[in-house]
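Trainee: First, the structure itself, so that you have it in front of you.
Read-outs: derived from the displayed coordinates by stated rules, not from any lab. Since the structure is predicted, the reported quantities are computational estimates derived from the model, not experimental observations. Virtual Cβ from ideal backbone geometry, glycine too; neighbours counted across all protein chains shown.
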Amino acid sequence: MTPDQIQARVLHRDGLMLVIDKPAGLAVHAGPGGGDNLERYFDHLRFGFPKPPGLAHRLDRDTSGCLVLGRHPKALRRLGKLFQEGRVGKTYWAVCAGAPPAEQGRIELPLKKQTNRTGGWRIVTAEDGQSAVTDYEVLGRAEGMSWVAFHPHTGRTHQIRVHAASMGCPLLGDPQYGGPEGRLHLHSRAVELPLYPKKPPVAVTAPVPAHMLTALTACGFDPDRD
């Protein structure tokens, strides 16, 4: 990305943090195999600060939307504490194949990483896994799919994807957990961060990515009101 392109993705900026609209399909940091990643463009987000911002949390490569960055080490410590204590409000929009069993509810299923003989891995539900809690509500429906808002209270790897699959409604574009092939339909729609004690939480919303518009519109989303 050019400096203008990454800067155009800034949704919020203040003295402590940035919230950017992460594009789907781009890893947030370099993996063992290298390759393009979002961190390599952070130098364009200094906005006069001596060093680039750092990641306050993570999003999967194929997940789009709100990504929080701390602008200096003290800010990263404050943000890290908020995420660790579960005080950050997180809303994800997803399109599921099928629909949850109820219009709203809570999923409490522990999760753990399972590695196979070839070195591949996936996340599974397991009694001896880490605690994972997700609230959900159905926002709209179409034939064979549903538009669901997920509110994770913990931050486990693939948490929403596995919890959705556990209800029998895996995400579109998530064949790893039983969904149909295609691009992953999972978007970090909004975050709320109680960063400043004497002020309301900082609330930020990310626009819906182009690849999710068709399915969301079929389920009742109005792109003209986004």
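Trainee: Can you say what percent of the DSSP beta bridges in the chain, counting only those with both residues inside, are antiparallel? Round to 5. Present the calculation step by step, with values, prior to reporting the outcome.
Mentor: Values: 48 of 51 bridges.
Percent antiparallel among DSSP bridges in the chain is about 95.
Trainee: Still on this structure, I have one more. May I ask for the net charge around GLY220, where only other residues with Cβ less than 14 Å from the Cβ of GLY220 are counted and Lys, Arg are +1 while Asp, Glu are -1? Could the numbers behind the result be given before it?
Mentor: Working: positive: ARG141, ARG225; negative: GLU103, GLU137, GLU143, ASP222, ASP224, ASP226.
That sum, taken over residues with Cβ under 14 Å, equals -4.
Trainee: Related question: Over the chain, what per residue volume does the convex hull of the Cα atoms give, in whole Å³?
Mentor: Values: hull volume 32.4 nm³, N = 226.
Looking at the chain, the number lands at 143 Å³ per residue.
Trainee: Let me ask something additional. So how far, in whole Å, is the C-alpha centre of region 12-57 from the one of region 145-219?
Mentor: Here the two parts' Cα centres lie 20 Å apart.
Trainee: Can you list, by residue number, the Cys in the chain that have no neighbouring cysteine C-beta under 4.7 Å?
Mentor: Singleton cysteines: CYS66, CYS219.
Trainee: About the Cα centre of region 3-225, how large is the charge dipole given +1 on each Lys and Arg Cβ and -1 on each Asp and Glu Cβ? Please answer in debye to the nearest 20. Could you put the intermediate results ahead of the total?
Mentor: Numbers: 28 positive and 21 negative charges, 211 e Å.
So the dipole magnitude of region 3-225 works out to roughly 1020 debye.
Trainee: Within region 1-19, whose backbone N sits under 18 Å from a point 7 Å along Cα→Cβ of HIS44?
Mentor: Only 1-13, 18-19 pass the distance filter.
Trainee: Answer rounded, prolate or oblate for region 117-207, using the Cα gyration tensor with square roots of eigenvalues a ≥ b ≥ c: rounded when a/c is under 1.5, else prolate when a/b is larger than b/c, else oblate. Don't skip to the end; give the middle numbers.
Mentor: On the way: a/c = 2.13, a/b = 1.37, b/c = 1.55.
Oblate, because a/c is 1.5 or more while a/b does not exceed b/c.
Trainee: Okay, next question. Label HIS151 and ARG61 with points 7 Å out from Cα along Cα→Cβ: what is the distance between them in nm?
Mentor: 3.2 nm
Trainee: Taking only DSSP H segments of four or more residues, each worth -39500 (n - 2.57), what value at 222 nm results for the chain once the sum is divided by all its residues, to the nearest 500 deg cm²/dmol?
Mentor: Calculated at 222 nm, the ellipticity per residue is -4000 deg cm²/dmol.
Trainee: At what distance in nm do the modelled label points of HIS29 and SER131 sit from each other, each positioned 7 Å from its Cα along Cα→Cβ?
Mentor: Taking the simple label geometry, HIS29 and SER131 are separated by 2.5 nm.
Trainee: In addition: What is the sum of charges, Lys and Arg at +1 and Asp and Glu at -1, for the other residues whose Cβ falls under 11 Å from the Cβ of TYR136? Before the final figure, lay out each step's value.
Mentor: Details: positive: ARG106; negative: GLU103, ASP135, GLU137.
Summing Lys and Arg as +1 and Asp and Glu as -1 gives -2.
Trainee: Same structure again: Separation between the ALA142 and ARG225 pseudo-spin-labels, each 7 Å from Cα along Cα→Cβ, expressed in nm?
Mentor: Rounded to a tenth, the inter-label distance reads 1.7 nm.
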